[in-house]
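Working notes for the structure below.
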Amino acid sequence: MAGSIESHGWLQGFFDSAWLPDWYMGDPTRVYYPPLTTWTLGLLAAAVGDVFVAYRVFVTAAILLLGLSVFLVSYRWGGNVWAAAAGAVLVMTTPYTLRTLFAEGNLPRMLALLPFPWLIWFTERVLIERRASTFLAPLSVLWAITVLAHVMQAAIFAVILGI
C-alpha cells in the first residue's frame, strides 16, 4: 500500500484502493481492499509529504486514539479515573495491538479497531435507553467506518456484539 502511494502519488488510494490487483500476497482472487485505510494514509502522505512518515503518524495516532477511546468509554461506564486509565494503558500495550501494528503492519485491522469501544457504548445505549433513535445515527456512522476499514473485522465485531 505504501509502495503504491509512493510510486503513483497520494491520489492512488482514492481511485483504485478497492481493487488493487494482487494485493493479498500476490493472490489474484482476493483483490478487494477496504478503501478507508488507503484514503487515510494517502491524505496523511499528502499532508506530511512522505508516505513513510505518514505511516509513523498513522501508527502513533492509532495507538493514542484507541487508548483515548477506551479511557472515555470506561470512564463513562464506571466513573473511576484510575480504572479507566489502567484499561487504556492495557489496551495500548496488549500483544494484539502491538502485533497488529508493528509485526503485521495491518493498518486496516487497526483502523477498524478504533471505533470498537464506541460501538459497544452506542449499542448498549440503543438497547437500554428509551430514546434509542438518538443513538442510531452515531452507531450507523461507526459501523460504516468499521466496514470501510476492514470488512472481516466488522463481521467479527457484529458476532461479538450479537453474543
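Just a few scattered comments:
- Selection count, the stretch 54-68, where residues are surrounded by 20 or more Cβ atoms within 10 Å (Cβ to Cβ) and polar (S, T, N, Q): 0
- Scanning the stretch 118-139 for residues that are open to solvent by 60 Å² or more (accessible area, probe 1.4 Å) and more than 15 Å from Ala158 (Cβ to Cβ) returns Ile128, Glu129, Arg130, Arg131, Ser133, Thr134, Leu136, Ala137.
- Verdict on Val91 being within 19 Å of Gly67 (Cβ to Cβ), more than 11 Å from the chain's Cα centre (by Cα) and in contact (Cβ under 8 Å) with a residue 12 or more places away in the chain: yes
- The stretch 34-53: number of residues that are surrounded by fewer than 19 Cβ atoms within 10 Å (Cβ to Cβ), at pLDDT below 85 and within 16 Å of Gly105 (Cβ to Cβ): 1
- The single condition from (1) open to solvent by 60 Å² or more (accessible area, probe 1.4 Å); (2) free of Cβ contacts under 8 Å to residues at least 40 places away in the same chain that Leu142 fails is (1).
The values are calculated or read from the model by the stated rules, or taken from the named source; none is laboratory data. Predicted model only: the values in this text are computed from it and were never measured. Don't worry about glycine lacking a Cβ; one is built from the backbone with ideal geometry, like all the others, and counts go over all protein chains shown. Ligands, DNA and RNA are stripped out before the accessible areas are found, and what is left, the full protein with its side chains, is counted by its heavy atoms. Shrake-Rupley method; radii C 1.70, N 1.55, O 1.52, S 1.80 Å.
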